[in-house]
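Just below is one structure, and these are the notes that go with it.
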Amino acid sequence: MKKIIALLSAVIMAASLTVSTAASAVSTEMVISPASDNNVSAIDTVGFTAEVIRLVNQERANRGLREFRMFPRLSKAAMVRAKETSEVWDHTRPDGRSITTVCDEIGIGWDHIGENIAYGHNSPQAVVSGWMRSDGHRANILSTDFQYIGVGVYESKGILYWTQYFIGTTDNHPEAYSVKDYGDVNSDGKVDAVDASLVLGDYASVMSGKSYTLSSSQRAKAEVSGDDLVNAVDASQILSLYAKSSTR
């Protein structure tokens, strides 16, 4: 039996209500107007998903709570919702269906489900800070009903739209992993060109009709782009993460 749906939305400033039902949430928003089309600039969002989850787990650890496991397929669902909220700002999907149908379509079972959405924040730090200042969003982030998290971030006309999906389930999802392992395909404690090379090798093998060269757990850590595929896009993003870390 489905037990809890906690649906929360946030923008730069927001006041929201939690709804314990499959119906869409009711929220009162105070929105700072987005930038005009004349001021649009591309935003490099590589690594934003993992950083949001890292910051969320930091908040949980500060309170003695167990970390959420990063779940690639749930991040794929969150990316769908992030794009949808750029079209219709609501906890109901643009076609009027419940947000839970995204998980159904991707084949993710759940007993508890929650969603936080936001826009107008240009960094993981800003959006997590905004959510933590809201009682309802913070309740989702610190909930003990959930074990898994997925995050999506979508850019539209220079504005970032963010979604956090949370689920609690008795189903086992071995492909979920600790966010500290994001992109670290060979588990050597760092994300670098070796990891990208392993991803490209696996992709080349699959494209030539051969078997995977990576294990299922390695492929889960390699899937950094949020599209539920392991391919050259992931290798490119791993290299971008490596470049970012090398310049710090």
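The values are calculated or read from the model by the stated rules, or taken from the named source; none is laboratory data. As the structure is a prediction and not an experimental result, all values here were calculated from the model. As a convention, Cβ positions derive from the backbone with ideal geometry for all residues, glycine included, and neighbour counts pool all protein chains shown. Protein only, heavy atoms only, side chains kept; ligands, DNA and RNA dropped before computing areas. Shrake-Rupley method; radii C 1.70, N 1.55, O 1.52, S 1.80 Å.
Among the residues of region 142-167, those identified as part of a strand (DSSP E or B), under 19 Å from A50 (Cα atoms) and among the polar types (S, T, N, Q) are T163, Q164.
Just one of (1) more than 16 Å from M70 (Cα to Cα); (2) assigned to a helix (DSSP H, G or I) fails for V191. It is (2). The number of residues in region 36-75 that are more than 25 Å from Y148 (Cα to Cα) and either modelled with pLDDT of 95 or more or open to solvent by 50 Å² or more (accessible area, probe 1.4 Å) (or both) comes to 8.
Of everything in region 76-86 that's open to solvent by less than 10 Å² (accessible area, probe 1.4 Å) and among the hydrophobic types (A, V, I, L, M, F, W, C), which residue is nearest to L55 (Cα to Cα)? Outline the logic, then answer.
From region 76-86, those open to solvent by less than 10 Å² (accessible area, probe 1.4 Å) are 77-78, 81-82, 85; that's our starting set.
Cutting the leftovers down to among the hydrophobic types (A, V, I, L, M, F, W, C) gives us 77-78, 82.
Values: A77: 20, A78: 17, A82: 19 Å.
My answer is A78.
Within the set Y165, Y148, the sole residue that is open to solvent by 10 Å² or more (accessible area, probe 1.4 Å) and closer than 23 Å to L229 by Cα turns out to be Y148. Residues in region 189-208: is at least one open to solvent by 30 Å² or more (accessible area, probe 1.4 Å), at pLDDT 90 or above and touching an Asp or Glu at 6+ places or on another chain (Cβ under 6 Å)? Checked against the condition, which is being open to solvent by 30 Å² or more (accessible area, probe 1.4 Å), at pLDDT 90 or above and touching an Asp or Glu at 6+ places or on another chain (Cβ under 6 Å), region 189-208 yields at least one hit.
Going through region 168-188 one residue at a time, which ones are open to solvent by 40 Å² or more (accessible area, probe 1.4 Å) and among the small types (G, A, S)? Within region 168-188, just S187 meets the criteria.
Just one of the listed residues (E155, E115) is open to solvent by less than 10 Å² (accessible area, probe 1.4 Å) and touching a residue at least 60 places away in the same chain (Cβ under 8 Å), and it is E115. For region 214-245, the set of residues classified as open to solvent by 20 Å² or more (accessible area, probe 1.4 Å), more than 10 Å from L200 (Cα to Cα) and not in a helix (DSSP H, G or I) consists of S215, S225, D227, D228, L229, listed by residue number.
Being assigned to a helix (DSSP H, G or I) and without any contact (Cβ under 8 Å) to a residue 40 or more places away in the chain, is that true of even one residue in region 168-182? Before you say what the answer is, go through the steps one by one.
To start, the set of residues in region 168-182 that are assigned to a helix (DSSP H, G or I) comprises 179-181.
Next cut, without any contact (Cβ under 8 Å) to a residue 40 or more places away in the chain only: none.
Looking for residues that are assigned to a helix (DSSP H, G or I) and without any contact (Cβ under 8 Å) to a residue 40 or more places away in the chain, one finds none in region 168-182, hence no.
Return the pairs, sorted by first residue and then second, in which the second residue is surrounded by 12 or more Cβ atoms within 10 Å (Cβ to Cβ), the first residue lies in region 95-112 and is aromatic (F, W, Y), the beta carbons are less than 7 Å apart, and the residues are 6+ apart or on different chains. Pairs that qualify, where the first residue is aromatic (F, W, Y) and the partner is surrounded by 12 or more Cβ atoms within 10 Å (Cβ to Cβ), are W110/C103; W110/I167; W110/G168; W110/T169.
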